[in-house]
Amino acid sequence: MNTTGHDAAERPERARPTPHSLTGVGVAVLDASGRVLLGLGHDGRWELPGGKVDPGESFETAAARELAEETGLSVPATAVRVMAVVVDGSRGLTRVTAAAVAEGATGTPVVTEPDKIARWEWFPRDAVPSALFGPSASVMDHVWPEAVARGAAETYHYPVRTGG
């Protein structure tokens, strides 16, 4: 028995479970003209800023941090609004992504990770490229819904309901 009165050997696999999913956030940054910021990946697909949520981080904090790390733009976590949680299983890994939107970012986007992104570009709603990274396409389904969803059909969407 350990100091908590439990036998540590009782279920050793429960001490630290094997990770089976990735938790992330995709943030649609809108400028004063209502355009969205997308980065061109080296595979030819466009993607939103975003990435992994670190242990102990909220989706909003992760979105603000990832935005700064990837683009040099700054937005307070309080200016990030989570619209939905999206779950997919592409490539055999469960991916949980918060679909977030932020307005009022300051600075000029720069490529800070040239190994991942070739360039950042602002797009109006009617000019968003069709070649989108899967999770970014699913986030865009909540930011600017279209008659036909951009994200994969086998993706689950859980809209966030605000209090009231």
Of V36, V27, V148, the most mobile residue in a GNM of the chain (C-alpha springs, cutoff 10 Å) is V148
Expressed as a whole percentage, what fraction of the accessible surface of the range 103-164 belongs to carbon and sulfur atoms when a 1.4 Å probe is rolled over the protein heavy atoms? 54
So how much accessible area does F133 have, in Å² to the nearest 10, using a 1.4 Å probe? 50
Just to confirm my numbers, what's the Cα centroid distance between the range 90-109 and the range 113-151 in Å? 10
The chain: angle of helix 59-71 to the longest principal axis, Cα-based, in degrees nearest 10: 50
Please get the size of the charge dipole for the range 38-164, origin at its Cα centre, with Cβ charges of +1 on Lys and Arg and -1 on Asp and Glu, quoted in debye to the nearest 20. 200
Could you work out [θ]222 nm for the chain from helices alone, using -39500 (n - 2.57) per DSSP H run of at least four and dividing by all its residues? Round to the nearest 500 deg cm²/dmol. -4500 deg cm²/dmol
How much area per residue is accessible in the range 96-140 when the probe is 1.4 Å and only protein heavy atoms are counted (Å²)? 48
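The values are calculated or read from the model by the stated rules, or taken from the named source; none is laboratory data. Quick caveat: nothing in here was measured; it's all calculated off a predicted structure. All Cβ positions, even for glycine, are placed from backbone atoms using ideal geometry, and neighbour counts span all protein chains on display. Please note that ligands, DNA and RNA were not included when accessible areas were found on the heavy atoms of the full protein model with its side chains. Shrake-Rupley method; radii C 1.70, N 1.55, O 1.52, S 1.80 Å.
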